[in-house]
1. Starting from residues that are within 26 Å of residue 156 (Cα to Cα) and modelled with pLDDT of 80 or more, keep the ones in the range 72-93 and report whichever is surrounded by the most Cβ atoms within 10 Å (Cβ to Cβ).
2. When residue 97 is evaluated against the numbered criteria (1) of a type in the set (A, V, I, L, M); (2) part of a helix (DSSP H, G or I); (3) at pLDDT 80 or above, which criterion, by number, is the only one it fails?
3. Among the residues of the range 107-129, write down those that are among the β-branched types (Val, Ile, Thr) and assigned to a helix (DSSP H, G or I).
4. Given (1) surrounded by 20 or more Cβ atoms within 10 Å (Cβ to Cβ); (2) without any contact (Cβ under 8 Å) to a residue 60 or more places away in the chain, identify the lone condition not met by residue 101.
5. For residue 23, work out the one condition from (1) modelled with pLDDT of 90 or more; (2) surrounded by 22 or more Cβ atoms within 10 Å (Cβ to Cβ) it doesn't fulfil.
6. How do the pairs read when you match residues in the range 20-49 that are under 19 Å from residue 136 (Cβ atoms) with residues anywhere that are among the charged types (D, E, K, R) and open to solvent by less than 50 Å² (accessible area, probe 1.4 Å), using Cβ under 9 Å and keeping only pairs 6 or more apart or on different chains?
7. I need every pair where a residue in the range 55-77 that is of a type in the set (Phe, Trp, Tyr) has its Cβ under 6 Å from the Cβ of a residue that is loosely packed, with under 14 Cβ neighbours inside 10 Å and modelled with pLDDT of 70 or more, sequence separation at least 6 or different chains.
Amino acid sequence: MDSFAVSLVSGIQNCMDLKETLKIAFFFALFQGIMPFFGWLLGNAVSQSLHSYSNYIAFSIFILIGIKMIYDSLKGTPQNKTFIIDNLRVIIGLSIATSLDALIIGMSFGFFTINIFKTMLIIFVITFIFSVLGVRIGKKYGHLLLGKRAEFFGGLILIGVGITQLC
């Protein structure tokens, strides 16, 4: 949802053609797909010693990230702040920034038996699709300011996933 929100805002404030849209979507998806792998490696390394607490750890991670997303969606954005994706360095920087939570969530994957590569592929595909949609929707319907709503609902979803860890 972070990538969707950034893509949406990017589409609102920038005139992008299909090539630029696909480039943004690719890098967002690439980093969202790779970061959980590194988190998973770290989670696997500590999962044996923390196994009895794994559900609480996963719960905490999802809840904290969900709350942060909701908080970020509710705080005001300065009116004079410009948001321009104009080169590869900016795109990579935004890709890293939007995928740091994926690194943390990836740590929770280390506490479960999952196919990390299948999970990475699913995250990549979903992020790619949502990023393309975000730019296109932002370009067409930017005046509705959907970006903050998307981040808010994404936070609610993560909190819901966190709660299921305790069941």
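1. The selected residue is 93.
2. If we test residue 97 against (1) of a type in the set (A, V, I, L, M); (2) part of a helix (DSSP H, G or I); (3) at pLDDT 80 or above, just (3) comes out false.
3. 116, 119, 122, 123, 125, 126, 127, 129
4. (2)
5. (2) is the only condition that residue 23 fails.
6. Within 9 Å, the pairs are 28/2; 32/2.
7. Once the first residue is of a type in the set (Phe, Trp, Tyr) and sits in the range 55-77, its partners that are loosely packed, with under 14 Cβ neighbours inside 10 Å and modelled with pLDDT of 70 or more give 59/166.
The values are calculated or read from the model by the stated rules, or taken from the named source; none is laboratory data. Only a predicted model underlies this, so the values are computations on that prediction, with no experimental measurement involved. Cβ coordinates were reconstructed from backbone atoms using ideal geometry, including for glycine residues, and neighbour counts include every protein chain displayed. Heavy atoms of the whole protein, side chains included, go into the accessibility calculation; ligands, DNA and RNA do not. Shrake-Rupley method; radii C 1.70, N 1.55, O 1.52, S 1.80 Å.
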